[in-house]
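Encoded as structure tokens, the structure appears first; notes follow it.
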Amino acid sequence: MKRILVDMSVTLIHHGHIRLLKRAKELGTVVVALTKDEEVFKHKGYHPELEYKDRKEILEAIRYVDEVVPSNWIIDDKVLEKHQIDLVVHGDDVAESMRVNPKVLVIFPRTEGISTYLLRKRMLDASMRIFQRENGQR
């Protein structure tokens with residue numbers, strides 16, 4: 001069975017992530033390369049809402065995930081060799097962090113209408129409305 005690497009930060013997990021993992025599972029054994037907290041901060045400029053250990057626990061509970069390994073921001077051929085990876089699955093937002101042979105890269109379209117950014121925005125908007133209501137503001 002092929003070993004499939006899915007590179008993820010999943011600082012806030014959502015159904016788009018689940019759909020990507022489900023599609024990856026159709027190809028073989030799913031190994032999630034989970035970005036470490038310090039790497040998220042270094043490259044995105046914020047601390048993840050969920051710490052690495054919590055994100056790992058959530059991913060390990062998902063039936064489409066067989067293994068979770070810590071990962072730096074950059075995914076390259078050395079990472080693939082270390083974990084004996086045959087294919088890399090990613091959403092079509094694949095970024096400069098992917099430095100692997102294009103022949104092993106499988107790109108799936110992103111799930112429309114959802115992203116971690118959108119979730120953060122919704123939470124911020126909801127939090128502001130709650131704060132305003134609790135403080136008598138409109």
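The values are calculated or read from the model by the stated rules, or taken from the named source; none is laboratory data. Keep in mind it's a predicted model, so treat the numbers as computed, not measured. Positions of Cβ are backbone-derived with ideal geometry, glycine not excepted, and every protein chain shown enters the neighbour counts. Just so you know, the surface numbers come from the protein's heavy atoms only, side chains and all, with ligands and any DNA or RNA stripped out. Shrake-Rupley method; radii C 1.70, N 1.55, O 1.52, S 1.80 Å.
Does ARG19 count as touching a residue at least 40 places away in the same chain (Cβ under 8 Å), out of contact with any helix residue (DSSP H, G or I) (no Cβ under 7 Å at 6 or more places or on another chain), open to solvent by 30 Å² or more (accessible area, probe 1.4 Å) and of a type in the set (Lys, Arg)? Break it down stepwise before answering.
Details: touching a residue at least 40 places away in the same chain (Cβ under 8 Å): yes; out of contact with any helix residue (DSSP H, G or I) (no Cβ under 7 Å at 6 or more places or on another chain): yes; open to solvent by 30 Å² or more (accessible area, probe 1.4 Å): yes; of a type in the set (Lys, Arg): yes.
In short, yes.
Screening THR35 against (1) in contact with a Ser or Thr (Cβ under 6 Å, 6 or more places away or on another chain); (2) within 21 Å of ARG120 (Cα to Cα); (3) touching a residue at least 40 places away in the same chain (Cβ under 8 Å); (4) of a type outside the set (Lys, Arg) leaves a single unmet condition, (3). The residues of region 33-54 that are in contact with a Leu (Cβ under 6 Å, 6 or more places away or on another chain) and either farther than 16 Å from LEU20 by Cα or loosely packed, with under 12 Cβ neighbours inside 10 Å (or both) amount to a single one, GLU49. Taken together, ILE107, ILE114, ILE58, ILE85 contain a single residue that is out of contact with any helix residue (DSSP H, G or I) (no Cβ under 8 Å at 6 or more places or on another chain), touching a residue at least 24 places away in the same chain (Cβ under 8 Å) and of a type in the set (A, V, I, L, M), which is ILE58.
Modelled with pLDDT of 95 or more, in contact with a Pro (Cβ under 9 Å, 6 or more places away or on another chain) and under 19 Å from MET98 (Cβ atoms): which single residue out of LEU34, LEU5 fits that description?
Numbers: LEU5 fails: in contact with a Pro (Cβ under 9 Å, 6 or more places away or on another chain).
The unique qualifying residue is LEU34.
Taking the conditions exactly as written (part of a helix (DSSP H, G or I) and either under 14 Å from HIS17 (Cα atoms) or open to solvent by less than 30 Å² (accessible area, probe 1.4 Å) (or both)), does LYS103 satisfy them or not? No: the conditions fail for LYS103. Counting the residues of region 28-48 that are of a type in the set (A, V, I, L, M) and more than 16 Å from VAL68 (Cα to Cα) gives 1.
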